[in-house]
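So the structure is just underneath, and the comments pick up after that.
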Amino acid sequence: MSRIALQQITSHQAELNELSSLRIPIKKDYLESYLTDEEMQTIKNKYEAANISLWGAKYAKSDAWANMIDDSTLVLFRKSENVVLRGISTFKVYNEELAKSLWGIDSGDGETWPLIYFLKKLQKIDLKVAEVNSCLGYSSNYNWQGLNTVKGEKAEKCIGQLLDKIKERRI
């Protein structure tokens, strides 16, 4: 069953994190000192490229993170009223040390983003949040915060519709 993960990039810290691990992917070699041999083998099996895009969420979003299925979760990243990036979550790890090394500590609450997920097929897109909300049956002005996941029939139907819109508007 497919899933949709909704992730916002609205704070200054989130924009810095976006630059350091989405827009500029992380070298596989860098990950070796933070991941187990088994995790690195999974990364090597899933990624041919030397660089990998990844993102993290705070522990408060552990339920949403746990609902993401490897290779079956479409992740949509929003900035303000626009969805600007999409990718497929391929693999997840809980790793505070890696999170601290990549993104540091949030000065607002003293936490880091240890719920890490690795992405493939990351691409710029041009969708309005209202379009995504409508597709999912939410109010057009619903303002998703943090990481949220949608599963079941609602996600299945919406993925096809959203991917069609993305194809129409290739950047």
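Between S140 and S72, the FRET efficiency estimated from the beta carbon spacing at R0 = 22 angstrom works out to 0.25.
In the assembled protein chains, E153 presents an accessible area of approximately 140 Å² (probe radius 1.4 Å).
Listed by chain and number, the aspartates and glutamates placed with their C-alpha closer than 19 angstrom to that of K100 are E15, E18, D29, E32, E39, D109, E111; residues fewer than eight positions away on the same chain are left out. Taking 0.36 nm per residue of sequence separation and removing the Cα-Cα distance, the S33/Y59 pair yields an extension gain of 7.1 nm. Rolling a 1.4 angstrom probe over the protein heavy atoms with all chains in place gives segment 28-91 an accessible area of 48 Å² per residue.
Straight-line reach from K46: taking Cα to Cα under 22 Å and skipping same-chain neighbours fewer than 8 places apart, the lysines in range are K27, K28, K92, K120, K121, K124. Applying the Karplus relation 6.51 cos²θ - 1.76 cosθ + 1.60 with θ = phi - 60° to segment 104-114 yields 3J(HN,Hα) values of x, 10, 5, 5, x, 10, x, 9, 10, 10, x Hz, where x marks Gly and Pro. Mind checking which of A64, L122, I26 is farthest towards the positive end of the chain's charge dipole, using Cβ charges of +1 (Lys, Arg) and -1 (Asp, Glu) about the Cα centre? Positive-most Cα among the choices belongs to L122.
Counting 0.36 nm for each residue step from D106 to K79 and taking away their Cα separation leaves a gain of 7.9 nm.
Of the peptides 17-27, 134-144, the ranking by mean beta-carbon count within 10 Å, highest at the top, reads 17-27, 134-144. Rounded, prolate or oblate: which fits segment 1-71, taking a ≥ b ≥ c as square roots of the Cα gyration tensor eigenvalues, rounded meaning a/c under 1.5, else prolate when a/b beats b/c? Taking the square roots of the gyration eigenvalues as a ≥ b ≥ c, segment 1-71 is oblate. When +1 charges are put on Lys and Arg Cβ atoms and -1 charges on Asp and Glu Cβ atoms, the dipole computed for the chain relative to its Cα centre reaches about 720 debye.
The structure shown yields semi-axes √(5λ) of the Cα gyration tensor in Å, and of the options [x] 25, 18, 15; [y] 30, 22, 17; [z] 21, 20, 16 that calculated value carries the label [x].
The values are calculated or read from the model by the stated rules, or taken from the named source; none is laboratory data. The model shown is predicted, which means the values in this text are computed figures rather than measured ones. Note: ideal-geometry Cβ built from the backbone for every residue, glycine included; neighbour counts use all protein chains shown. Accessible surface is based on the protein model in full, side chains and every heavy atom, while ligands, DNA and RNA are left aside. Shrake-Rupley method; radii C 1.70, N 1.55, O 1.52, S 1.80 Å.
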